[in-house]
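Structure record follows, encoded as structure tokens.
Each value in this text was obtained by applying a stated rule to the coordinates, not by laboratory testing. From a predicted model like this one, the values you see are computed outputs, not experimental measurements. Every residue, glycine as well, gets a Cβ built from its backbone with ideal geometry; the counts of neighbours run over all protein chains shown.
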Amino acid sequence: MSRRRGLTLPEMLVACALASLVLTGLATLFVQSVRYHRALEVSLELQQSNLAAMALLSRDLSEGNPASLRTEPGGLVMGSPRDLVGNLQADSQGRLMWRKYICYYLAPINGVNCLLRKEQALPVPLDTAPILPDTLDVLFFRTSATPYSVLARNLEQLEISGSNPVSIRLVSSRTVANELFRIESRSDVVAKN
Amino acid sequence: MLEMMVATVLAGVILVSLAPLLPQLSRGAVTGRHRMAAVHLAQQQLELTLSQGYAGMSSTSGSIVLDSTIRDVVQSTRYDYEVVVADRPPDLRSVLVTVRWTEAERALSEQVEALVVSP
């Protein structure tokens, strides 16, 4: 008749201590990986949105003219040679025709700061960059009924400085679970027209 | 006692062999984030160029500095992009976007290309 020996109390205690150490390590690893995944997700979303806004803003400014640019805190208005569809056109002498005004400004949409863009056609196309009338400022576009497009969400700052090159600075930020995520992009653009 | 020592030595060997992987994993994560940003940038430049239409597409270049702050750690990277529009007879145009950046003294790049047929 065989007798099987069981575990002693010290052996059980050591086994429990080791198991709890391993489980604590695994739990920490799991929590860290969840936090890392969240950080990656939020920062990529901010980055994508910020870069998309920067790409469009850079293109519009590169096609513009410093004489036709007005910057204000949190916004800008500029002339553009593209029509409302997005096409460039020249007159019979090959001169580029200026077709519309573009305005970028920051405004909250459903409690989230966004970068908005509005366009307005010039009454008559011009063969030189339009000088912006005093009344055509960011406030005019803010209050106009012109439809807007949302370029970026969670955008906190838009800064435009310099004349040619024009320096652009966009800052996006978002707080998730008490953690602040911030993306800042900067670019210098030379206005070609 | 002997069993314990063998187990400890084995565990030690395993841990020591895994240790060099940690910096590599960390570098891989950083490179992955840079690559993701570069691909975003390249795709956006490609979309902007394509939106100009077949006749209006033109080559361009520029740079964007991106500062990411996550948990008070700031990481700054400069991305240089170049858009090259080339004719491919008889009726095609290629748009090649290259984004370059430097990471730990390594020059890295990403490319995105599209072909456009004449309307």
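Put simply, the amide H of A:T128, placed in the peptide plane, has neighbours under 5 Å in A:W98, leaving out anything fewer than 5 places away on its chain. Peptide A:51-61 shows a mean partner chain C-beta count of 5 within 10 Å per residue C-beta. Around the amide H of A:G74, modelled in the peptide plane, lie the amide H atoms of A:L158, all under 5 Å away and 5 or more residues distant in sequence or on another chain.
Roughly how far apart, in whole Å, are the Cα centres of the stretch A:72-87 and the stretch A:108-143? So the two Cα centres are separated by 7 Å. Evaluated on chain B, the Kirkwood hydrodynamic radius is 17.6 Å, with distances taken between all distinct Cα atoms. Panel values: the stretch A:46-146, Kirkwood radius from alpha carbon pairs, Stokes-Einstein at 37 °C and 0.692 mPa s, translational diffusion coefficient 229 µm²/s. Normalised by 2.2 N^0.38 Å, with N the number of residues, the alpha-carbon radius of gyration of the protein assembly as shown equals 1.43.
Full-extension gain between A:S149 and A:V124, please, as 0.36 nm times their residue separation minus the C-alpha to C-alpha distance. Working shown, then result.
Working: separation 25, 0.36 × 25 = 9.00 nm, distance 2.39 nm.
That pair, A:S149 and A:V124, stretches by 6.6 nm at full extension.
Dipole size of chain B about its Cα centre, with +1 on Lys/Arg Cβ and -1 on Asp/Glu Cβ: approximately 100 debye, rounded to the nearest 20. At 222 nm, what helix-only mean residue ellipticity would chain A give, in deg cm²/dmol to the nearest 500, using -39500 (n - 2.57) for each DSSP H run of four or more? About -11000 deg cm²/dmol.
The label-point distance for A:V176 and B:S76, in a model that sets each label 7 Å from Cα toward Cβ, rounds to 2.6 nm. Peptide packing for B:43-56, B:10-23, B:68-81 was compared via the average number of neighbouring C-beta atoms within 10 Å per residue; ordered from the highest value, the list is B:43-56, B:68-81, B:10-23.
Distant-in-sequence amide contacts of A:G64, defined by a placed amide H-H separation under 5 Å and a gap of 5 or more residues or a different chain, comprise A:K192, A:N193.
For the stretch A:148-157, putting each phi into the Karplus relation 6.51 cos²θ - 1.76 cosθ + 1.60 with θ = phi - 60° gives couplings of 10, 10, 8, 8, 8, 9, 6, 8, 9, 9 Hz, in residue order, rounded to whole numbers and with x for Gly and Pro.
A dipole drawn for the stretch A:38-189 from +1 and -1 charges on Cβ atoms has a positive end, and of A:L56, A:A39, A:T71 the residue lying farthest that way is A:A39. Remark: the stretch A:164-180, residue by residue, has Karplus-estimated 3J(HN,Hα) of 7, x, 8, 9, 10, 9, 10, 10, 10, 8, 7, 10, 10, 6, 6, 10, 8 Hz, where x stands for each Gly or Pro and the curve is 6.51 cos²θ - 1.76 cosθ + 1.60 at θ = phi - 60°.
Taking 0.36 nm per residue of sequence separation and removing the Cα-Cα distance, the B:Y54/B:V6 pair yields an extension gain of 10.2 nm.
Estimated from the Cβ-Cβ distance and a Förster radius of 51 angstrom, the FRET efficiency linking A:V190 and A:F30 is about 0.55.
Beta bridges per DSSP, both residues in chain A: antiparallel share near 100 percent.
How much length would be gained if the chain were fully extended between A:R95 and A:S167, taking 0.36 nm per residue of separation minus their Cα-Cα distance, in nm to one decimal?
On the way: separation 72, 0.36 × 72 = 25.92 nm, distance 2.71 nm.
Here the segment from A:R95 to A:S167 would lengthen by 23.2 nm.
Sequentially through the stretch B:31-37, phi angles give Karplus couplings (6.51, -1.76, 1.60; θ = phi - 60°) of 4, x, 5, 5, 5, 4, 4 Hz, Gly and Pro residues having no value and appearing as x.
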